[in-house]
């Protein structure tokens with residue numbers, strides 16, 4: 001079983017608990033003060049190229065290179081605070097998301113069950129595989145090849161689930177023009193080219 005053959009790998013505890021706690025608190029504070037949303041999951045707070053998440057993108061690059069056995073270039077980060085009723089429809093990412101990393105930063109569910117974790121699913125060879133990623137766990141996958149999504153989050157009205165997405169391209173691959181997502185550098189939100 002290799003990343004190249006399977007196109008995904010589940011990594012437990014990729015981010016340590018303290019960094020996840022700080023990042024999830026930060027995302028919730030941002031949600032209270034600067035709510036922004038996207039069209040993919042309307043009603044969720046989501047931010048492209050946030051400075052803390054861009055820092056995590058750079059910090060994690062050597063680890064992601066180890067797990068994928070590839071030399072990578074950073075593209076961008078994105079985080080989302082999913083709320084009860086959220087659903088991520090099945091999709092394939094754009095070419096710039098050649099190597100995608102989805103990391104759970106935190107969650108709070110209004111449920112009686114203690115062991116529920118909202119799963120991410122990926123279709124591999126026609127089979128829908130579910131991955132429950134606890135805080136700090138990550139799924140590394142070929143985002144522009146594998147169809148992926150999340151079923152309906154139905155865990156109580158005050159519940160939330162915070163996810164950060166890190167995107168890279170293979171330095172020796174076909175998508176190197178997406179370095180920094182065609183921005184002048186990591187950490188800036190505006191694209192220099194479209």
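From the list 128, 112, which one is assigned to a strand (DSSP E or B), more than 17 Å from the chain's Cα centre (by Cα) and more than 22 Å from residue 61 (Cβ to Cβ)? It would help to see each step written out before you state the result.
Details: 112 fails: assigned to a strand (DSSP E or B).
Result of the check over 128, 112: 128.
Taking the condition of being surrounded by fewer than 18 Cβ atoms within 10 Å (Cβ to Cβ) and over 25 Å from residue 96 (Cβ atoms), how many residues in the range 20-42 meet it?
So the answer is 8.
How many residues does the range 43-64 hold that are touching a strand residue (DSSP E or B) at 6+ places or on another chain (Cβ under 7 Å) and buried (at least 16 other Cβ atoms within 10 Å of the Cβ)?
14
Let me confirm something: among 162, 186, 140, which residue is more than 18 Å from residue 80 (Cα to Cα) and surrounded by 12 or more Cβ atoms within 10 Å (Cβ to Cβ)?
Values: 162 fails: more than 18 Å from residue 80 (Cα to Cα); 140 fails: more than 18 Å from residue 80 (Cα to Cα).
Residue meeting the stated conditions: 186.
Can you give me the ranges of the strands (runs of 3 or more DSSP E) entirely in the range 131-172 with at least 2 residues that are in contact with a helix residue (DSSP H, G or I) (Cβ under 6 Å, 6 or more places away or on another chain) and either within 22 Å of residue 59 (Cα to Cα) or at pLDDT below 95 (or both)? Even if it seems obvious, please write down each step before you answer.
Details: elements: 138-141, 148-150, 160-170.
In the range 131-172, the matching strands (runs of 3 or more DSSP E) lie at 160-170.
How many residues does the range 173-188 contain that are assigned to a loop (DSSP other than H, G, I, E, B) and over 17 Å from the mean Cα position of the chain (by Cα)?
Initial filter on the range 173-188 (assigned to a loop (DSSP other than H, G, I, E, B)): 173-175, 183-188.
Okay, now just the ones that are also over 17 Å from the mean Cα position of the chain (by Cα), so 173-175, 183-185, 188.
Result for the range 173-188: 7.
Looking at the range 25-42, can you tell me whether even one residue there is in contact with a helix residue (DSSP H, G or I) (Cβ under 9 Å, 6 or more places away or on another chain), farther than 20 Å from residue 178 by Cβ, in a loop (DSSP other than H, G, I, E, B) and modelled with pLDDT under 95?
Yes; the residues of the range 25-42 include at least one that is in contact with a helix residue (DSSP H, G or I) (Cβ under 9 Å, 6 or more places away or on another chain), farther than 20 Å from residue 178 by Cβ, in a loop (DSSP other than H, G, I, E, B) and modelled with pLDDT under 95.
Look through the range 88-99, keep the residues that are out of contact with any helix residue (DSSP H, G or I) (no Cβ under 7 Å at 6 or more places or on another chain) and crowded, with 24+ Cβ neighbours inside 10 Å, and return whichever of them is nearest to residue 173 (Cα to Cα).
This residue is 98.
The values are calculated or read from the model by the stated rules, or taken from the named source; none is laboratory data. Keep in mind it's a predicted model, so treat the numbers as computed, not measured. Note that we place each Cβ from the backbone using ideal geometry, even for glycine, and neighbour counts take in every protein chain shown.
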